[in-house]
Amino acid sequence: MKDFTLGSVLSHVLTMAVPIFAGLVLVLLCGLIDLYFVAGLGKAAIAGVGAAGNAGFLINALTQIVSVGTLSAVAQAVGRKDRADANFIFNQSLGLSAGCGLCTLAVGFAVARPYMSSIAADAATVEAGTTYLVWFMPAIALQFAMLAMSSALRGIGIVKPTMYVQALTVLINVVLAPVLIVGWGTGYAMGVKGAGLASSLAVAIGVIALWVYFKRAKDYLTLDCRQWRPQIEQWKRILRVGLPAGGEFAIMFAYMAAIYYAIGEFGPAAQAGFSIGSRVLGLIQVPAMAIAFTAAPIIGQNFGARNSERVKAAVRNVLMATTMVMVVATVVIQWRSELLLKGFTPDKATISEGALFLKMVSLNLVAQGLIFACSSAFQGLGNTRPQLISSTVRLISYVIPTLWLSARTGFRVEQIWYLSIATTTMQALLSLWLLRRELGKRLVFSQAGQHRHDVAS
């Protein structure tokens with residue numbers, strides 16, 4: 001366990017950001033590797049897998065309910081020096097993960113085709129996306145357990161085991177993707193079906209690896225199946241923080257689905273360009289995301305320890321660092337957007353659409369970095385409702401005008417990206433205001449409690 005209530009806050013942010021960065025890169029590489037081999041199957045396959053991947057936002061909303069709630073509760077228990085409570089919450093989260101995973105698997109199989117039919121540009125895209133989703137669904141279901149274990153470790157300040165497991169899953173995916181998708185070495189090409197299966201097998205092995213780590217480490221957190229039995233009060237603690245965070249990811253699903261629907265009339269090239277561009281953009285955002293994600297455990301532990309000054313210091317450091325990184329990322333994209341796309345497809349129309357998306361939406365990056373940092377800070381404080389409010393405002397102000405514009409004569413794709421710039425900036429400003437308000441309300445600790453912590457430190 002790493003105690004974030006002592007030592008330099010900035011040092012904790014930078015030290016923790018490095019393995020988180022590596023882990024996030026590895027996760028995104030899985031998607032990019034699949035997309036690289038799927039690209040050889042044509043525009044319909046790219047668009048189908050990309051649109052199906054958007055369903056990951058909705059399912060991630062469910063996984064975030066467990067993982068964010070677990071991280072916040074565990075980190076605050078560590079700050080209070082209550083190891084028993086941290087372990088109890090950890091094991092309760094695993095029981096909750098098992099139930100959620102099974103339900104997600106069943107529902108996912110049932111709605112895969114109706115979902116793809118509602119947003120895809122043509123029948124070939126519907127078929128490709130549905131097939132991918134069905135074979136990818138086990139990976140999504142297993143994410144509940146993987147993220148619960150990873151979040152609990154992040155709550156106690158340990159991130160390297162998760163990074164190593166993610167490296168293992170990427171390695172497995174790298175090996176399996178060409179074998180299953182295009183038939184390297186076997187002569188049997190499964191196409192988009194193989195992309196989903198490769199990811200599912202990789203995640204399954206990752207979950208087993210994390211399980212083995214907990215069994216052997218016997219460190220601050222320990223597995224105890226007897227504590228998996230549902231305890232309503234403990235589930236409420238997880239859900240109280242996790243549900244608003246999950247709602248934020250559900251909003252992202254609706255946001256992305258609106259984009260796919262709006263650009264559908266421009267054909268598979270537009271959807272494929274957006275699909276590749278959005279994944280490349282996600283990879284470029286990783287450094288800022290890694291810094292932002294350090295806020296939750298650091299703030300959580302110091303909030304649990306009732307140390308308001310260190311909480312404020314963590315917020316300041318994370319906001320400044322994410323802003324600096326996003327400024328650099330914006331410059332890179334504006335300079336060489338086409339070059340970032342050429343490795344995924346030779347199709348000029350797809351590259352053109354993707355480059356347009358990257359150049360325009362990259363103007364959002366600084367605002368997006370601030371949103372990441374605020375979201376993580378709310379998690380550490382144990383109240384994610386403010387971030388849900390700001391995301392809801394963005395959704396309403398973006399989706400309704402987007403659908404209205406898409407129905408008008410002369411509608412152009414650029415109009416969607418202009419609207420994205422405006423609404424993302426608005427959300428960032430609203431999130432900052434809500435965070436300042438939340439800090440003023442929640443960082444009101446008694447002088448006696450603060451003095452006792454200072455003496456102990």
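The values are calculated or read from the model by the stated rules, or taken from the named source; none is laboratory data. Just so you know, these numbers come straight off a predicted model, no measurement behind them. Backbone-built Cβ (ideal geometry, glycine too); neighbour counts: all protein chains shown. These area figures cover heavy atoms from the full protein model, side chains too; ligands, DNA and RNA do not enter into them. Shrake-Rupley method; radii C 1.70, N 1.55, O 1.52, S 1.80 Å.
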* Structure fact -> Selection from region 204-220 of residues modelled with pLDDT under 90 and in contact with a helix residue (DSSP H, G or I) (Cβ under 7 Å, 6 or more places away or on another chain) yields TYR220
* **Residue list for region 333-367, filter: part of a helix (DSSP H, G or I), touching a residue at least 24 places away in the same chain (Cβ under 8 Å) and of a type in the set (Phe, Trp, Tyr)** => PHE357
* region 186-211, subset in a helix (DSSP H, G or I) and open to solvent by 60 Å² or more (accessible area, probe 1.4 Å), residue nearest to ALA148 (Cα to Cα) -> TRP211
* **Every pair of residues 6+ apart whose Cβ atoms lie under 8 Å, when the first sits in region 168-195 and is without any contact (Cβ under 8 Å) to a residue 24 or more places away in the chain and more than 15 Å from THR131 (Cα to Cα) while the second is part of a helix (DSSP H, G or I) and open to solvent by 20 Å² or more (accessible area, probe 1.4 Å)** => GLY185/VAL179; THR186/VAL179
* Asked: Does any residue of region 132-142 turn out to be more than 23 Å from GLY95 (Cα to Cα), surrounded by fewer than 24 Cβ atoms within 10 Å (Cβ to Cβ), more than 17 Å from the chain's Cα centre (by Cα) and in contact (Cβ under 8 Å) with a residue 12 or more places away in the chain?
  -> yes
* **When residues of region 32-44 are limited to those that are surrounded by 24 or more Cβ atoms within 10 Å (Cβ to Cβ) and closer than 18 Å to SER200 by Cβ, the one modelled with the lowest pLDDT** => ASP34
* Taking helices (runs of 4 or more DSSP H) that fall entirely within region 260-321, which contain at least 2 residues that are at pLDDT 90 or above and within 20 Å of the chain's Cα centre (by Cα)? -> 286-293, 295-304
* Asked: Can you name every residue in region 387-402 that is open to solvent by 30 Å² or more (accessible area, probe 1.4 Å) and either charged (D, E, K, R) or more than 30 Å from LYS236 (Cα to Cα) (or both)?
  -> SER397, ILE400, PRO401
* How many residues does region 62-98 hold that are in contact with a Lys or Arg (Cβ under 9 Å, 6 or more places away or on another chain), farther than 15 Å from GLY382 by Cβ and open to solvent by less than 10 Å² (accessible area, probe 1.4 Å)? -> 2
* To do: Looking for whichever is open to solvent by less than 50 Å² (accessible area, probe 1.4 Å), touching a helix residue (DSSP H, G or I) at 6+ places or on another chain (Cβ under 6 Å) and either closer than 28 Å to ILE276 by Cβ or modelled with pLDDT of 90 or more (or both) here; the options are LEU439, LEU443, LEU405, LEU363. Which one fits?
  => LEU405
* To do: Filter region 368-386 down to residues that are surrounded by fewer than 21 Cβ atoms within 10 Å (Cβ to Cβ) and assigned to a helix (DSSP H, G or I), then give me how many there are.
  => 1
* Structure fact -> When GLY183 is run through (1) at pLDDT 85 or above; (2) assigned to a helix (DSSP H, G or I), the failure sits at (2)
* Matching residues in region 330-344 - criterion: being within 24 Å of ILE416 (Cα to Cα) and open to solvent by 10 Å² or more (accessible area, probe 1.4 Å) -> THR330, VAL331, VAL332, GLN334, TRP335, ARG336, GLU338, LEU339, LEU340, LYS342, PHE344
